[in-house]
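Visitor: Okay, handing you the structure first.
No value in this document is a laboratory result; all are computed from the given coordinates. These numbers were taken from a predicted model, which means no experiment stands behind them. For neighbour counting, all protein chains shown are included, and Cβ atoms are generated from backbone atoms with ideal geometry for every residue, glycine included.
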Amino acid sequence: MSSQLRTWLATLAAMSFLALLIGCPMDDDDDTVEPVVEVSGDHGVEVDATIELSATTVDGTDAGYTWSSANENVASVDADGVVTGVGGGETTITATGDDTGAEGEYAVVVIEVTSGDAVVVVTGDFVVMVGETTALAAETVNGEDTSYTWTSGDEAIATVDTDGVVTGVTAG
């Protein structure tokens, strides 16, 4: 093969390679923001009682949401986001945007109160962002308490003061 033919083939191969690179989009520069569904409402409900959750889509638009429960034996949820406590335990309620398909998950605790048993029910937002605060409240059902002692299970993640105000320290 002549040196002129080799040069021409090498140039053709290099140009083909460059054309391939130019024609391919670079994924590293993709600034597309995916929509996210945020769910809000109370986290706790008693058996046979209801709470209402709401959903909002961030970075997108949804005309409505489809609601589901990860465990229907703990809590059910209707088409409007109304959660009914079925049996004691924890479950995840999911709201899926009808238009975006984005999902938001929300933890719900169902409290099974036996007649006469005193139970402390904690309400408030169970999620707090790092550097932010949220206030919890406590109420005794079937009994009376004059005060409550608040503690954090892991102060490296979140702290709580004597009034039930939680501060997010780090993700966890």
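Visitor: Which shape class, rounded, prolate or oblate, goes with the stretch 97-142 when its Cα gyration tensor gives a ≥ b ≥ c as root eigenvalues, a/c under 1.5 marks rounded, and past that a/b bigger than b/c marks prolate?
Guide: In terms of gyration-tensor shape, oblate.
Visitor: So which GluC sites (Glu not before Pro) in the stretch 52-153 are both in a DSSP loop and have at most 14 other Cβ atoms within 10 Å of their Cβ?
Guide: Glu72, Glu132, Glu144
Visitor: Still on this structure: Compute the length gained on full extension between Thr61 and Glu34: take 0.36 nm times their separation in residues and subtract their Cα-Cα distance, giving the result in nm to one decimal.
Guide: The Thr61-Glu34 span can extend by a further 8.6 nm.
Visitor: Looking at the stretch 56-165, which chymotrypsin sites (Phe, Trp or Tyr not before Pro) are DSSP coil and have at most 16 other C-beta atoms within 10 Å of their C-beta?
Guide: Sites meeting the loop and neighbour criteria: Phe126, Tyr148, Trp150.
Visitor: Turning to a different aspect of this structure: With the contact rule set at Cα under 8 Å and sequence spacing of 6 or more, what percent relative contact order holds for the stretch 58-172? Intermediate values should be presented prior to the final figure.
Guide: Numbers: 215 pairs, mean separation 20.0, N = 115.
Across the stretch 58-172, relative contact order equals 17 percent.
Visitor: Given axes a ≥ b ≥ c from the Cα gyration tensor, I'd like to know whether the stretch 80-172 is rounded (a/c under 1.5), prolate (a/b larger than b/c) or oblate.
Guide: Numbers: a/c = 2.64, a/b = 1.15, b/c = 2.30.
Because a/c hits 1.5 or more and a/b fails to exceed b/c, the stretch 80-172 counts as oblate.
Visitor: With the crude spin-label approximation of a point 7 Å out along Cα→Cβ, what separation in nm comes out for Ala135 versus Ala70?
Guide: 3.0 nm
Visitor: What does the charge count near Gly64 come to, summing +1 for each Lys or Arg and -1 for each Asp or Glu among other residues with Cβ under 9 Å from its Cβ? Could you put the intermediate results ahead of the total?
Guide: Numbers: positive: none; negative: Asp62, Asp98, Asp99.
With Lys, Arg at +1 and Asp, Glu at -1, the neighbours total -3.
Visitor: Also, quick follow-up: What is the magnitude of the charge dipole of the stretch 54-172 about its Cα centre, with +1 placed on the Cβ of each Lys and Arg, -1 on the Cβ of each Asp and Glu, and no other charges, expressed in debye to the nearest 20? Please list the in-between numbers first.
Guide: Numbers: 0 positive and 21 negative charges, 25 e Å.
Approximately 120 debye in magnitude.
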